[in-house]
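The values are calculated or read from the model by the stated rules, or taken from the named source; none is laboratory data. Computed from a predicted model, the values in this text were never measured in an experiment. Here the Cβ is made from the backbone with ideal geometry for all residues, glycine too, and neighbour counts use every protein chain on show. For accessibility, only protein heavy atoms count, side chains too; no ligands or nucleic acids. Shrake-Rupley method; radii C 1.70, N 1.55, O 1.52, S 1.80 Å.
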Amino acid sequence: MEQFSPESTKLSSTPPGPWLSLVGLGEDGRSGLCAEALAALEGAEIVFGGERHLKLIGDVPGEARPWPQPFRNALPAILAEKGRNVCVLATSDPFHYGIGAGLTKAVPAAEMRVIPQLSSFSMACTRMRWPQEECGLVSLHGRALQRIIPFLQPGARVLALSWDDSTPLAVAQLMSARGFGESSITVLETIGGPNERIRQARADAFALDGIVPLNLLAIEVVASRDARILPLATGLSDDWFEHDGQLTKADIRAITLSALAPRAGELLWDIGAGSGSVGIEWSLRHRHNRAIAFEERPERAARIARNRLALGAPPLEVVEGKAPESFAGKASPDAVFIGGGLTDPGVFEAAFAALKPRGRLVANAVTIEGEARLAALFSAHGGALRRIGVSHLDPIGTMHGWRAAMSVTQWRVVKP
């Protein structure tokens, strides 16, 4: 699907009416367009679209312009033609993983006419007889394949946009490796067009060939007894993370996430990230959440990147470098977690300065020096201090006894 990054400033002047028409195009091409869409196409002085789009609609009275390369240059090219009648062709519904979201950030609504078609997701649901509101929807187009992992829940129905013809097999292999081999994968190719084709196979026996690049997957998830199902709760078991011992343990992590209180669309700074567990779990709480993991040691930074992929590729950026210097140029966070570097000069001060007003900061310490630092910060800024103790049952010879983990002192403060 089309994607680009819009410029931050919208066009300021408003013409008498829309100068830009955004037309959704299906695989049936011109024959599937309504009268309004045809009029926009025929009346356009310039028609922008991908080579596939332009081939589907055939000759036009105006000038046909394929998307410039690289594609990020598309928006400036469109905006440069303001004042003329411009038509932009998009795939089906331009506001479902399409170009519409980027355009509307740069072009006022009054200047743009939008004529959509059914999205490929909608068409897939009608073919499969699935209620769309009960399906997980994910795009793997231009995104990491592992984004599908959080959707792999027992009994789930998932619709996934493919990147190309290699995606169906890659998804089948990933699912089989994680214990979902009995799942059904239906491949819907060129859906809505004259060459539409629908085929089905089990994930662990996937052998469909000749798949066209434009395809969508409809998956019915079946989990084996030993499937790696990503839990929905916070405090994932430690064995979900690759680590060298520098890890906020599951019990403490669950309490820490509760203290951080994630909200939809927020950004977390995870400082001294270690394995990245807190930042990753923050990002998994909501699809619009983001995190930045700051880690000084290169081998740990690389490990965070691997953990990110293994847990579904949530939107987490890894910044390798020493804090607080590595904070430079990063967006202001809504919340901050300091798991390492608390006693390093300037780390707290720089993080607290960057934190948005009413943002939350949580810091954990297990050493006397760390506790002393938290006590001083509590005296200066208020907030709340608590000590967390956890014991686990361990074997002692032929019997069992409780073994206490190191106590964690946690400070939480809200910035005025």
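Evaluate Rg over Rh across region 348-416, taking Cα atoms for both radii and Kirkwood's formula for Rh. Let's see the in-between values first.
Working: Rg = 16.5 Å, Rh = 13.9 Å.
Rounded to two decimals, Rg over Rh is 1.19.
For the ranges 334-343, 133-142, 244-253, what's the packing order if you count other beta-carbon atoms within 10 Å of each residue, average per peptide, and put the highest first?
On the way: 334-343: 23.2, 133-142: 15.6, 244-253: 17.9.
Peptide ranking by packing, descending: 334-343, 244-253, 133-142.
Roll a 1.4 Å probe over the protein chains and send me the accessible area per residue for the chain in Å². It would help to have the intermediate numbers written out before the result.
Details: 19240 Å² over 416 residues.
Here the per-residue accessible area is 46 Å².
Find out how many positive minus negative residues lie around Glu196, taking Lys and Arg as positive, Asp and Glu as negative, among other residues whose Cβ is under 13 Å from that of Glu196. Please report the intermediate quantities before stating the final value.
Numbers: positive: Arg127, Arg197, Arg199; negative: Glu27, Asp28, Glu189.
Net charge around Glu196: 0.
Using 17 Å as the cut-off for backbone N distance, which residues of region 383-398 belong to the label zone defined by a point 7 Å from the Cα of Asp239 along Cα→Cβ?
Output list for this probe position: 393-395.
Report, to two decimal places, the Cα Rg of region 246-348 normalised by 2.2 N^0.38 Å (N = number of residues). Don't skip to the end; give the middle numbers.
Values: Rg = 12.3 Å, N = 103, 2.2 N^0.38 = 12.8 Å.
For region 246-348, the normalised Cα radius of gyration is 0.96.
What fraction of the DSSP beta bridges in the chain is antiparallel, stated in percent and rounded to the nearest 5?
Numbers: 34 of 74 bridges.
Taking every DSSP beta bridge with both residues in the chain, the antiparallel ones total about 45 percent.
In 20 Å bins starting at zero, report the fraction of Cα pairs in the chain per bin as a rounded %.
Going from the shortest bin to the longest, the percentages are 23, 44, 29, 4, 0.
Count of lysine pairs in the chain with Cα atoms under 21 Å apart, counting only pairs 8 or more residues apart in sequence or on different chains? Walk me through the numbers before you get to the answer.
On the way: Lys10/Lys82; Lys10/Lys105; Lys82/Lys105; Lys322/Lys330; Lys330/Lys356; Lys330/Lys415; Lys356/Lys415.
Lysine pairs meeting both conditions in the chain amount to 7.
Quick one: length gained pulling Ala254 to Lys82 fully straight, 0.36 nm per residue minus the C-alpha distance? Before the final figure, lay out each step's value.
Numbers: separation 172, 0.36 × 172 = 61.92 nm, distance 5.20 nm.
Between Ala254 and Lys82, full extension yields 56.7 nm more.
Just to be sure I understand the model, the point goes 7 Å from the Cα along the line to the Cβ. What's the resulting Ser31 to His392 distance in nm?
Distance between the two pseudo-spin positions: 6.4 nm.
With a 1.4 Å probe and all protein chains left in place, how much of the accessible area of the chain comes from carbon and sulfur atoms, in whole percent? Mind showing how you got there, number by number?
On the way: 10280 of 19240 Å².
Answer for the chain is 53 percent, counting heavy atoms of protein chains only.
I'd like to know how region 61-186 sits against the 2.2 N^0.38 Å rule of thumb: what's its Cα Rg over that expected value? Can you show the working numbers first?
Numbers: Rg = 18.1 Å, N = 126, 2.2 N^0.38 = 13.8 Å.
That works out to 1.31 for region 61-186.
Estimate the FRET efficiency between Ala376 and Glu42 by the formula 1/(1 + (r/R0)^6), using the beta-carbon distance for r and 56 Å for R0, to the nearest 0.05. All intermediate terms of the calculation are to be shown ahead of the outcome.
Values: r = 72 Å, r/R0 = 1.29.
Calculated value: 0.20.
Based on the mean of other Cβ atoms within 10 Å per residue, sort peptides 276-285, 377-386 so the most packed one is first.
Working: 276-285: 26.9, 377-386: 13.2.
Ranked by mean Cβ neighbours within 10 Å, highest first: 276-285, 377-386.
With every protein chain in place, what's the accessible area of Asp239 (1.4 Å probe, Å², nearest 10)?
Counting only protein heavy atoms, the figure is 110 Å².
Tell me the mean residue ellipticity at 222 nm calculated for the chain from its helices only (DSSP H runs of n ≥ 4, each -39500 (n - 2.57), averaged over every residue, nearest 500).
Details: 11 runs with 100 residues, N = 416.
Calculated from helices alone, the mean residue ellipticity at 222 nm is -7000 deg cm²/dmol.
Which FRET efficiency, nearest 0.05, do Glu349 and His286 yield, Cβ-Cβ r, R0 45 Å?
With a Förster radius of 45 Å, E is 0.95.
Report the net charge of residues surrounding Ala156, where surrounding means a beta-carbon distance below 11 angstrom and charges are Lys +1, Arg +1, Asp -1, Glu -1.
-1
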